[in-house]
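Just so you know, all these numbers are worked out from the coordinates, no wet-lab data involved. All of these numbers come straight from a predicted model, not from anything done at the bench. Cβ placement follows ideal geometry from the backbone for every residue including glycine, while neighbour counts extend to all protein chains displayed.
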């Protein structure tokens, strides 16, 4: 008996660090958690769920481990990232006069955090309180989720800050842990930031704030997910991946495109994926898991569910997909932050993107500065400064505007922003772009299927400005931005409106200008939402063995850039999952397998 007891202790010890590894291709292997998607949510989940070594995890990422290191790590080069991306395009939108918008998403380890503009903002606290109320998960309320924000971020002072020493930073709302995205100030200003901040404050009656402490309205001069020590991108790939790649209980597969989730009755039991190798695609591989967690994003998560028979019955039957569960809410409730732009000539002294890409002298200087000490324009996000504010009730006269007029008072309706990136095609001069965006729009779109082939892009109906109140709000906000940009103080450095142009004066013409040049902020959310599709435990309602944790679970948008909320949400979800799965499910299964192998049945 003593010998057997010693063996049992040995087996339990081995089980706690058992590696899922040798053969993921035969369908016979089983792991505790299969995570689909290696973006910020998937990587945070993998890191948290694997910490104690008792659970086995396989993470499947459709994209590569990384890509061009210069484009990936140099903050100012993010507009030039053309691959690896999911190149999604919306359907022609009648609200935009039939124009379609592109909605590319990151297809690489790190997801959107590897390719985005790095703006780090949490926005109004009441958003999270309402998420908690809708979902029944009190951990999502601001005062609770703040702990998660602390756990997934820390603030570091940029060594040499030029021109923005007065920037407000509430240091109490950033954590100190190493396993968190680093947030810092811009290392260099383009030249218009201070004037834009002051003008927005005076014209809109705002104050400068840090929108990471629960404040929703004000002017923020752009904290970014950039490492302060070397001004390189801080993203989920280089924050969370290094620690999990060396853990024996985690197995990451890159270029593994999941095409189907298998069910036994109402329980998810496996996933099928296809390994991509250059132009070659391996045959389908089936992997079993005790729990499947989708973290593929607000477009790919509902698409995969529908391909697997979970979604609106009519949609599934139209593509001859066997219906596992009729769930009309899957793919609905699509929100995005649309942005409607205007463009201004820039004075020669402004160091715009055009200056350091098209002016050979400035190009050489910029590269030398960044190579020598990580300074200069390449080490920042191209001048992210934004302001948020509410639209007055009078702008909605004669309309049903309850959505806007009853929003909590800490929530803005409109965000305006400026950047030195020339967003309009065909402009071959130094310019500054400004835009207005509705952050809490009323209209919603949807994600559907183009076919039953997983390789086909989904059908995306954007429905930007989808209500009369949305149209009134963006029209008022766009005109207000135009007033700010046309202020005499800014006109000294932005001497001339390129778009929409001085001849655009009537509301009708302004609306046409908005329709003609509206883009996606690339912030899709809400398509597998908490409170409708998901219960408070992140499980798909009425189904077992399957959870969703990513931006698709947001019931509605945050009031500014959402990347910080994805990190915190995933961190909270991991704690919820560990609590609900508390015990030794994974360990005991491996112990049982090892006992069988050793002959102890």
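Each of the peptides 276-282, 352-358, 62-68, 295-301 was scored by the mean count of other Cβ atoms within 10 Å over its residues; in descending order, highest first, they stand as 295-301, 352-358, 62-68, 276-282. For the stretch 24-94 versus the stretch 551-583, the inter-centroid distance based on Cα atoms is 16 Å.
Each listed q (0.13, 0.14, 0.20 Å⁻¹) maps to a log10 I(q)/I(0) for the stretch 310-452, found by the Debye formula over equal Cα scatterers with no solvent: -0.83, -0.86, -1.11.
As a proxy for reagent exposure, ranking 189, 211, 342 by other Cβ atoms within 10 Å from fewest up yields 189, 342, 211.
Averaging the sequence gap over all C-alpha pairs within less than 8 Å and six or more residues apart, then dividing by the number of residues, gives the stretch 263-302 a relative contact order of 35 percent. Compared with the dominant Cα axis of the chain, that is its longest principal axis, helix 193-204 is turned about 80°. The angle between the Cα long axis of helix 360-373 and the main principal axis of the chain comes to about 50°, on a 0 to 90 degree scale.
For the stretch 241-281, just say rounded, prolate or oblate: build the C-alpha gyration tensor, square-root its eigenvalues into a ≥ b ≥ c, call rounded for a/c under 1.5, and beyond that prolate if a/b exceeds b/c, oblate if not. List each step's numbers first, then the result.
Values: a/c = 4.16, a/b = 1.24, b/c = 3.36.
Taking the square roots of the gyration eigenvalues as a ≥ b ≥ c, the stretch 241-281 is oblate.
Per residue Cα convex hull volume for the stretch 485-561, in cubic angstrom?
Numbers: hull volume 11.7 nm³, N = 77.
That works out to 152 Å³ per residue.
Note on residue 489 and residue 282: the extension gain reaches 68.5 nm, defined as 0.36 nm multiplied by sequence separation minus the Cα-Cα distance. The calculated Kirkwood hydrodynamic radius for the stretch 422-540 is 17.4 Å, given to one decimal from all distinct C-alpha pairs.
Taking 0.36 nm per intervening residue step and subtracting the Cα-Cα distance, what contour gain separates residue 80 from residue 207 on full extension? Spell out each step's value before the answer.
Details: separation 127, 0.36 × 127 = 45.72 nm, distance 3.33 nm.
Working it through step by step, the gained length comes to 42.4 nm.
Computed from Cα atoms, the angle from the helix 142-151 axis to the main principal axis of the chain rounds to 80 degrees. Does the stretch 390-465 come out rounded, prolate or oblate, given a ≥ b ≥ c as the square roots of the eigenvalues of its C-alpha gyration tensor, rounded meaning a/c under 1.5 and, failing that, prolate meaning a/b above b/c? Since a/c reaches 1.5 but b/c is at least a/b, the shape of the stretch 390-465 is classed as oblate. Arranged from fewest to most other beta-carbon atoms within 10 Å of their beta carbon, 544, 461 become 544, 461.
Pull up the DSSP beta bridges for the chain and report the antiparallel fraction as a percent, rounded to 5. Let's see the in-between values first.
Details: 53 of 79 bridges.
Bridges in the chain are about 65 percent antiparallel.
Between the alpha-carbon centres of the stretch 218-274 and the stretch 440-493 there is a gap of 28 Å. Rg/Rh, computed from the Cα trace of the stretch 246-315 with Rh as the Kirkwood radius, has the value 0.99.
Normalising by the residue count of the chain, find the relative contact order in percent from Cα pairs under 8 Å and 6+ residues apart. Walk me through the numbers on the way to the answer.
Numbers: 1413 pairs, mean separation 132.3, N = 601.
Reported relative contact order: 22 percent.
Rounded is the label for the stretch 23-175. Its Cα gyration tensor axes, ordered a ≥ b ≥ c, give a/c under 1.5. Using the Cβ-Cβ distance between residue 323 and residue 358 with R0 set to 56 Å, the FRET efficiency from 1/(1 + (r/R0)^6) comes to roughly 0.55.
What full-extension length gain, to one decimal in nm, is calculated for residue 52 and residue 578 as 0.36 nm per residue of separation minus the Cα-Cα distance? Numbers along the way, then the final one.
Values: separation 526, 0.36 × 526 = 189.36 nm, distance 1.06 nm.
Here the segment from residue 52 to residue 578 would lengthen by 188.3 nm.
Taking a temperature of 25 °C and a viscosity of 0.890 mPa s, what whole-number D in µm²/s does Stokes-Einstein yield for the stretch 127-248 with Rh from Kirkwood over alpha carbon pairs? Working shown, then result.
Working: Rh = 16.2 Å.
Rounded, D is 151 µm²/s.
The Rg/Rh ratio of the stretch 49-91, with Rg taken over Cα atoms and Rh as the Kirkwood radius over Cα pairs, comes to 1.16. Fewest neighbouring Cβ atoms within 10 Å first, the residues 365, 244 line up as 365, 244.
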